[in-house]
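Some notes on the structure that comes next.
The values are calculated or read from the model by the stated rules, or taken from the named source; none is laboratory data. The structure displayed is predicted, hence computed values, not measured ones. No Cβ is skipped: glycine too gets one built from the backbone with ideal geometry, and neighbour counts run over all protein chains shown. Just the protein is used for accessible areas: all its heavy atoms, side chains included, with ligands, DNA and RNA removed. Shrake-Rupley method; radii C 1.70, N 1.55, O 1.52, S 1.80 Å.
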Amino acid sequence: MSILLRRIIGFILISCAIVFVSLTVAFLVHKPPLLDNISFSRAVYDRHGQLLRLTLSTDQKYRLFTSLKDISPQFREAVLLHEDKYFYSHIGVNPLSLIRATWQTATGGRKIGASTISMQLARLEYGIHSHHIAGKLMQIARALQLEAHYSKGELLEAYLNRASYGYNIEGVGAATAIYFHKTPQRLTLPEALTLAVIPQSPSRRKPSSYAPDKPALIDARNRLFAQWLNAHPSDRIQQAYFALPLMVFGRSDLPFALPQLTHDLLTRNRHDQHITASVDLDTQDLLTDILRKYVGDHHEIGIRNASALLVDTLNMHVIASIGSVDFANAEINGQVDGTRAKRSPGSTLKPFIYALAIDQGLIHPLSILYDVPVNFGSYAPDNYDKDFRGPISARDALRLSRNIPALRLAAEIQKPDLYDFIKNAGITGLRDRAQYGLSLVLGGAEVTMRELATLYAMLANDGVLKPLITDVDNATLDKPRRLLSPEASFMTLDMLATRPKEYTTSRDRVVYWKTGTSNGFHDAWTAGVFGHYVLVVWVGNFNGSNNPAFVGARAAAPVFFQMIDAVNASESNHDIIASKAQHLRLRKIDVCATTGDVSLENCPASDKGWFIPGVSPIHNHDIYRKILVDLRTGERACYFQSGITDYRTFEIWPTELQHTLESAGIHKTPLPQWQKSCSESADAETINDGQKPTITSPQSGIEYHAHVNDTNDTVPFIANADGDAQTMHWFLNNKYLGASKPAEPFSWHPEPGQYYVRVVDDRGRSNTTNLLVVSMP
């Protein structure tokens, strides 16, 4: 070799050494970034750590950041054993390994890797090409720099999050999620050793679901296991597991569970890489399978889609959330989240009318309500079956979902009324109160399934409204708010309690439930409480099309109870509602079974009912009355005469109920006629007892119109009366107008003005109302 050539080579080596030393000194002064410019995937897990969804990073890699403490110690040890056994001893470079590797390369022997974990991390972090001398020197300098500024734990953590595991999979977090569907903490020894050998040659050793037992991968793993046994001879008992076929999954096997919910969580937590959902994946899958099978079995009657929500009332965690039965089915708008869609709730809001009425002292569960035809101005509602039941207990009216009793109660409750109540409960999207009127009772205001579940959970939580939780780590900080008393909440649920034999095999378990059907058969609902859960089920179409099959009791209730049976079969879920009564300000008292009155005087049968002392009503409807009868003629007598007259008990309902009872084929013994000798001079208490009339038309607060030159305008005067009344006499500003029979109209031709309307029945009992008539062109 010429002198000139030797000088050139020497100059180059000296220059490289100077550059290397300069770079190293410069690097040692400045702290380099570590993982700062790396984008990571984001993962959503269920409450038990099962993966629900894994996203790609911005550079289209599966790279899931995992802290060192969340990585199995076995795996960490296996990586160091395989890659860098002196990791905790060297300063970033292992001189002996470098000398050995250089010698092997120079003599043509087998190539031996000399890169430490710190050097490999430097290559990955800074994109260094280390296959030539300059690149190798840069890699060494960068490794020394990293070692100078970061702890060994930080460097190992960074490496384990950057190492390649084949395909576009980087980092142990993504690798364990994809290949084994678990977290790095739960790796078995065979799995840990398998992953540990992949980064050294990812293209040759990457596993796949269709070819998991690659010879290059298995041979490398077995060699590492032999080394492992030198340090852990007790693990020889696991040798049989290494002979078993390797079970791995592929990227196509990644779960895409609860797509609507996980999308929502990812959107709301944009900066979180690990998100823990409140759901239980096993329960989610169980209920999803039931709902899909139910929809499939009822496809012939037009049921194409459904949604369901299961909530644990103890902590308000959403345990299962089924937005639709098939997310990928565009024909049913499967990507719509049915738990968030606004729909008409039908009658599912009725329980809250009864709860408010209980709290306001209007009813108790056995109070008698009137299921009879009624007009609210121009609004003449009816029941689903187009029939009327007459007198009915509040409990039965709610269970049977009678519209008229609920509407009449809704007209009475105030401060809050139903509108104020649902607004206070956080129901969104409400229009102005005037646009609903009493239609609110029958589903006029749309709600979401989540909002409905929150309301039913409020009943289970003693009247305290609590927000739903879907994100365990970032739960809302909204404070719980009391909307109902614990007593009214309990009594309302108790009114809904049944053991429905036609739907469920769990007949020994109580379910507190209510169905709902929207106007026009667009939505079928069932919502209820069982054990410590609330379940809401909806059946319908997201495009709003209707179907006569969409009736809550027929379309939603069957699958609602199938789900309840499945949950109860999978865990011990006992009723927690019934036992609450002993801790509340409640008494169970005897009331008249027919009238709901606390007084049992003259009542033929009693029943036990819940009562809130000082709140529940104690008024007497005076339905059962002792009437003085002439034993000779059967006529109603004016005076008591020993041996000639005696008292007989009669069931006397107001006229509006008498007509309904007669239409239903229920005939009550009519009151006898008065003796002709009875007159105005008779005992007033004897003749004028009973209920005073109730004016149903005209109604105070409503404007009535009188059109100019239109003689066809009329205002009907209608009053219901006690059962012993035969004639209603009408007065306008003390001027007598005429007479009508109870519950039948007397027509008056209106003239503009303000009037005082008075009605008097033939027993002298009276009532009044105000009337406003406005002139119209």
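Computed quantities for the displayed model
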item: In degrees, nearest ten, helix 350-359 long axis to first principal axis of the chain (Cα); result: 70 degrees
item: Gain on full stretching of the segment that runs from Gln673 to Lys423 - 0.36 nm per residue minus C-alpha separation; result: 84.7 nm
item: Degrees between helix 3-29 axis and first principal axis of the chain (Cα, 0 to 90, nearest 10); result: 30 degrees
item: C-alpha center-to-center spacing [region 352-410, region 416-487] in angstrom; result: 22 Å
item: The chain, helix-only ellipticity at 222 nm - DSSP H runs n ≥ 4, -39,500 (n - 2.57), divided by all residues, nearest 500; result: -9500 deg cm²/dmol
item: For q = 0.18, 0.23, 0.24, 0.29 Å⁻¹, Debye-computed log10 I/I(0) when each Cα of region 393-457 counts as one equal scatterer; result: -0.73, -1.13, -1.20, -1.35
item: Fully extended contour minus Cα-Cα distance, from Leu266 to His705, at 0.36 nm per residue; result: 152.2 nm
item: Rg to Rh quotient for region 347-421, alpha carbon positions, Kirkwood Rh; result: 0.94
item: Cβ-derived FRET efficiency at R0 35 Å, Asn474 paired with His232, nearest 0.05; result: 0.30
item: For region 303-382: rounded, prolate or oblate by the Cα gyration tensor [a/c cutoff 1.5]; result: oblate
item: Neighbour cut-off at most 12 other Cβ (10 Å), DSSP loop, trypsin sites (Lys or Arg not before Pro), region 296-389; result: Lys386
item: By average C-beta atoms within 10 angstrom, highest first, the peptides 67-74, 427-434; result: 67-74, 427-434
item: Whole-percent carbon and sulfur share, accessible surface of the chain, 1.4 Å; result: 53 percent
item: Cα Rg, Dmax, the chain, angstrom units; result: 40.3, 155
item: Qualifying trypsin sites (Lys or Arg not before Pro) in region 239-301, DSSP loop, other Cβ atoms within 10 Å at most 13; result: Arg270
item: Percent RCO, i.e. relative contact order, over the chain, from Cα pairs under 8 Å lying at least 6 residues apart; result: 9 percent
item: Per-pair calculated FRET efficiency, R0 = 56 Å: Ser151 and Gln335 via Cβ, rounded to 0.05; result: 0.75
item: Candidate aspartates and glutamates for bridging to Lys182, where Cα separation is under 18 Å - those fewer than 8 sequence places away on the same chain excluded; result: Asp46, Asp70, Glu170, Glu191, Asp253, Asp280, Asp282, Asp285
item: Intensity falloff of region 489-583 expressed as log10 I(q)/I(0), Debye formula with alpha-carbon point scatterers, at q = 0.13, 0.15, 0.18 Å⁻¹; result: -0.47, -0.60, -0.81
item: Helix 152-162 axis, angle to the chain major axis (alpha carbon atoms, nearest 10°); result: 70 degrees
item: Distant alpha-carbon pairs in region 558-686 (separation over 19 angstrom), percent; result: 69 percent
item: Three-way shape label, region 548-617, alpha-carbon gyration tensor, a/c 1.5; result: oblate
item: Region 441-553 pair-distance distribution - Cα-Cα, 5 Å bins, rounded %; result: 2, 11, 17, 21, 19, 15, 11, 4, 0
item: Cα gyration tensor, region 313-462 - rounded (a/c under 1.5), prolate or oblate; result: prolate
item: Net charge dipole size for the chain [Lys, Arg +1 and Asp, Glu -1 on Cβ; Debye, nearest 20]; result: 4300 debye
item: Kirkwood hydrodynamic radius over Cα pairs of region 150-270, then Stokes diffusion coefficient at 4 °C and 1.567 mPa s, in µm²/s; result: 82 µm²/s
item: Spin-label model distance (nm) - Asp282 vs Arg587, 7 Å beyond Cα toward Cβ; result: 4.9 nm
item: Theoretical gain in end-to-end length, Tyr126 to Ser39 [0.36 nm per residue, Cα-Cα removed]; result: 29.9 nm
item: Ranked by how many other beta carbons lie within 10 Å on average, peptides 313-326, 720-733, 564-577 from highest; result: 313-326, 720-733, 564-577
item: Most positive-pole-ward Cα, Phe421, Ser72, Ala460, against dipole of the chain from beta carbon charges; result: Ser72
item: Of Lys31/Lys206; Lys386/Lys692; Lys415/Lys692, pairs whose Cα-Cα distance is over 31 Å; result: Lys31/Lys206
item: Protection proxy ranking, peptides 630-638, 255-263, average beta carbon neighbours within 10 Å, highest first; result: 255-263, 630-638
item: Förster radius 30 Å - calculated FRET efficiency between Glu571 and His299, Cβ distance, rounded to 0.05; result: 0.45
